[in-house]
Amino acid sequence: MAYSEKVIEHYENPRNVGTLDKNDEHVGTGLVGAPACGDVMRLQIKVSDAGVIEDAKFKTFGCGSAIASSSLATEWLKGKTIDEAEQIKNSMIAEELHLPPVKIHCSVLAEDAIKSAIADFRSKQAAKKALPGQ
Ligand code: FES
Ligand code: FES
(Lines give C-alpha, C1' and ligand atoms only; values in the text may rest on other atoms or scores of the structure.)
(Ligands and ions follow the chains in the order given, each with its own letter.)
Protein backbone atom coordinates (compact mmCIF):
# COMPACT_ATOMS: atom_id res chain seq x y z
CA MET A 1 0.00 0.00 0.00
CA ALA A 2 1.31 3.44 -0.90
CA TYR A 3 2.04 5.89 1.86
CA SER A 4 1.11 9.52 1.32
CA GLU A 5 3.89 12.04 0.76
CA LYS A 6 3.25 13.58 4.17
CA VAL A 7 3.59 10.22 5.91
CA ILE A 8 6.86 9.54 4.11
CA GLU A 9 8.13 13.02 4.91
CA HIS A 10 7.48 12.56 8.67
CA TYR A 11 8.77 9.01 8.54
CA GLU A 12 12.07 10.10 6.98
CA ASN A 13 12.41 13.25 9.10
CA PRO A 14 10.55 12.49 12.31
CA ARG A 15 10.16 15.50 14.59
CA ASN A 16 10.82 15.35 18.30
CA VAL A 17 12.01 11.77 18.65
CA GLY A 18 13.34 11.20 22.13
CA THR A 19 12.69 10.92 25.81
CA LEU A 20 11.84 13.33 28.62
CA ASP A 21 12.47 12.52 32.28
CA LYS A 22 9.34 10.67 33.32
CA ASN A 23 10.01 11.49 36.97
CA ASP A 24 9.97 15.24 36.31
CA GLU A 25 6.79 16.66 37.85
CA HIS A 26 6.29 18.79 34.74
CA VAL A 27 6.35 15.76 32.45
CA GLY A 28 3.39 13.59 31.50
CA THR A 29 4.05 10.23 29.87
CA GLY A 30 1.62 8.27 27.74
CA LEU A 31 2.33 4.71 26.71
CA VAL A 32 -0.25 3.02 24.53
CA GLY A 33 -0.51 -0.01 22.31
CA ALA A 34 -2.68 -0.76 19.31
CA PRO A 35 -4.63 -3.99 19.77
CA ALA A 36 -5.02 -4.26 15.99
CA CYS A 37 -1.33 -4.71 15.29
CA GLY A 38 0.67 -4.65 18.52
CA ASP A 39 2.47 -1.40 17.73
CA VAL A 40 3.49 0.70 20.71
CA MET A 41 3.76 4.47 21.08
CA ARG A 42 5.23 6.52 23.89
CA LEU A 43 4.48 10.22 23.91
CA GLN A 44 5.63 12.71 26.51
CA ILE A 45 4.76 16.33 27.20
CA LYS A 46 6.52 18.88 29.34
CA VAL A 47 4.17 21.47 30.78
CA SER A 48 5.23 24.90 32.05
CA ASP A 49 3.91 26.38 35.30
CA ALA A 50 1.60 28.48 33.14
CA GLY A 51 0.05 25.27 31.77
CA VAL A 52 1.58 25.46 28.30
CA ILE A 53 3.20 22.47 26.61
CA GLU A 54 6.75 23.62 26.03
CA ASP A 55 8.18 20.33 24.81
CA ALA A 56 6.92 17.05 23.41
CA LYS A 57 8.80 13.88 22.51
CA PHE A 58 7.84 10.49 21.17
CA LYS A 59 9.15 7.04 20.50
CA THR A 60 7.05 4.76 18.36
CA PHE A 61 7.70 1.11 17.71
CA GLY A 62 5.39 0.68 14.81
CA CYS A 63 4.45 1.32 11.24
CA GLY A 64 5.22 4.39 9.15
CA SER A 65 1.77 5.86 9.70
CA ALA A 66 2.09 5.51 13.47
CA ILE A 67 5.50 7.19 13.40
CA ALA A 68 4.17 9.99 11.20
CA SER A 69 1.07 10.38 13.41
CA SER A 70 3.14 10.75 16.56
CA SER A 71 5.65 13.06 14.87
CA LEU A 72 2.82 15.32 13.72
CA ALA A 73 1.17 15.13 17.15
CA THR A 74 4.31 16.40 18.90
CA GLU A 75 4.50 19.30 16.44
CA TRP A 76 0.90 20.22 17.15
CA LEU A 77 1.28 19.85 20.91
CA LYS A 78 4.09 22.36 21.33
CA GLY A 79 2.80 25.75 22.40
CA LYS A 80 -0.69 24.48 23.19
CA THR A 81 -2.36 24.52 26.59
CA ILE A 82 -3.47 21.20 28.07
CA ASP A 83 -7.09 22.04 27.24
CA GLU A 84 -6.19 22.80 23.63
CA ALA A 85 -4.14 19.62 23.40
CA GLU A 86 -7.19 17.62 24.47
CA GLN A 87 -9.02 18.89 21.39
CA ILE A 88 -6.61 17.11 19.03
CA LYS A 89 -8.58 14.31 17.40
CA ASN A 90 -7.30 11.33 15.49
CA SER A 91 -9.47 12.41 12.54
CA MET A 92 -7.45 15.66 12.30
CA ILE A 93 -4.22 13.66 12.16
CA ALA A 94 -5.63 11.17 9.65
CA GLU A 95 -6.83 14.02 7.45
CA GLU A 96 -3.53 15.91 7.58
CA LEU A 97 -1.59 12.75 6.67
CA HIS A 98 -4.17 11.42 4.19
CA LEU A 99 -4.30 8.07 5.97
CA PRO A 100 -6.26 5.32 4.24
CA PRO A 101 -8.96 3.45 6.20
CA VAL A 102 -6.69 0.57 7.24
CA LYS A 103 -4.29 3.08 8.81
CA ILE A 104 -6.84 5.07 10.79
CA HIS A 105 -6.01 3.13 13.94
CA CYS A 106 -2.43 4.46 13.70
CA SER A 107 -3.81 7.98 14.23
CA VAL A 108 -6.08 6.68 17.02
CA LEU A 109 -2.90 5.49 18.72
CA ALA A 110 -1.57 9.06 18.62
CA GLU A 111 -4.77 10.50 20.10
CA ASP A 112 -4.72 7.84 22.81
CA ALA A 113 -1.08 8.65 23.55
CA ILE A 114 -1.86 12.36 23.91
CA LYS A 115 -4.77 11.63 26.27
CA SER A 116 -2.66 9.20 28.27
CA ALA A 117 0.19 11.73 28.63
CA ILE A 118 -2.25 14.41 29.79
CA ALA A 119 -3.85 12.01 32.29
CA ASP A 120 -0.42 11.13 33.68
CA PHE A 121 0.51 14.81 34.02
CA ARG A 122 -2.80 15.60 35.75
CA SER A 123 -2.47 12.72 38.21
CA LYS A 124 1.04 13.96 39.10
CA GLN A 125 -0.32 17.45 39.77
CA ALA A 126 -3.16 16.03 41.87
CA ALA A 127 -0.71 13.92 43.88
CA LYS A 128 1.46 16.98 44.45
CA LYS A 129 -1.48 18.98 45.79
CA ALA A 130 -2.43 16.12 48.07
CA LEU A 131 1.00 16.16 49.73
CA PRO A 132 0.95 17.94 53.07
CA GLY A 133 3.17 20.98 53.45
CA GLN A 134 3.35 21.91 49.74
FE1 FES B 1 3.23 -3.87 11.38
FE2 FES B 1 2.03 -1.72 12.43
S3 FES B 1 1.18 -3.53 11.75
S4 FES B 1 4.09 -2.05 12.04
FE1 FES C 1 -0.81 -0.45 13.62
FE2 FES C 1 0.03 1.53 12.21
S3 FES C 1 -0.40 -0.47 11.53
S4 FES C 1 -0.20 1.49 14.32
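The values are calculated or read from the model by the stated rules, or taken from the named source; none is laboratory data. Worth saying up front: this structure is predicted, and the values here are computed from it rather than measured. Cβ placement follows ideal geometry from the backbone for every residue including glycine, while neighbour counts extend to all protein chains displayed. With ligands, DNA and RNA removed, areas are computed over all heavy atoms of the protein, side chains included. Shrake-Rupley method; radii C 1.70, N 1.55, O 1.52, S 1.80 Å.
Give me the three principal axis extents of segment 40-101 from the C-alpha atoms, as integers in angstrom, largest value leading.
Reported extents, whole Å, longest axis first: 38, 21, 13.
Take the chain, connect every pair of alpha-carbon atoms lying under 10 Å apart with a spring to form a Gaussian network, then pick out the residue of ALA73, ALA36, ALA113 with the largest mean-square fluctuation.
Looking only at ALA73, ALA36, ALA113, the largest GNM fluctuation is found for ALA36.
Please report the net charge: other residues with Cβ closer than 14 Å to the Cβ of LYS78, K and R +1, D and E -1. It would help to have the intermediate numbers written out before the result.
On the way: positive: ARG15, LYS46, LYS57, LYS80; negative: GLU54, ASP55, GLU75, GLU84.
Its environment carries a net charge of 0.
Please pull out the direction-averaged projected area of segment 65-104, using the convex hull of its alpha-carbon atoms, in nm² to one decimal place. Mind showing how you got there, number by number?
Values: hull surface 10.4 nm².
Mean projected area of the Cα convex hull: 2.6 nm².
When the chain is treated as a GNM, springs tying every alpha-carbon pair under 10 Å, which of ASP83, ASP120, ASP49 comes out with the largest mean-square fluctuation?
ASP49
What does the charge add up to near MET41, with Lys and Arg as +1, Asp and Glu as -1, over the other residues with Cβ less than 11 Å from its Cβ? Mind showing how you got there, number by number?
Details: positive: ARG42, LYS59; negative: ASP39, GLU111, ASP112.
Neighbourhood net charge equals -1.
State log₁₀ I(q)/I(0) for segment 79-134 at q = 0.20 Å⁻¹ as given by the Debye formula over alpha-carbon point scatterers of equal weight, solvent excluded.
-0.75
Rounded to whole Å and ordered largest first, report the semi-axes of the equivalent ellipsoid of the chain derived from its Cα gyration tensor (root of 5λ).
Details: eigenvalues 155, 37, 30 Å².
So the three semi-axes of the chain are 28, 14, 12 Å.
Greater than 20 Å separation of Cα atoms is the criterion. Which listed pairs, LYS57/LYS128; LYS78/LYS128; LYS57/LYS129; LYS22/LYS129; LYS78/LYS129, meet it?
LYS57/LYS128; LYS78/LYS128; LYS57/LYS129; LYS78/LYS129
What accessible area per residue, rounded to a whole number of Å², is obtained for the chain using a probe radius of 1.4 Å? List each step's numbers first, then the result.
Values: 6920 Å² over 134 residues.
Normalised by residue count, the accessible surface of the chain is 52 Å².
How big is D for segment 1-67, in µm² s⁻¹ as a whole number, if Stokes-Einstein is applied with the Kirkwood radius of its Cα pairs at 4 °C and 1.567 mPa s? Could the numbers behind the result be given before it?
On the way: Rh = 13.2 Å.
For the chosen part, D equals 98 µm²/s.
May I ask you to evaluate 6.51 cos²θ - 1.76 cosθ + 1.60, the Karplus curve with θ = phi - 60°, for each residue of segment 99-111 and list the ³J(HN,Hα) values in order in whole Hz, giving x for glycine and proline?
Once θ is set to phi - 60°, the couplings for segment 99-111 become 6, x, x, 5, 10, 4, 5, 5, 6, 4, 4, 5, 5 Hz.
Roughly to the nearest percent, how much of the accessible area of segment 56-134 is carbon and sulfur, given a 1.4 Å probe? Before the final figure, lay out the partial values.
Details: 2170 of 3750 Å².
Percent of accessible area from carbon and sulfur atoms in segment 56-134: 58.
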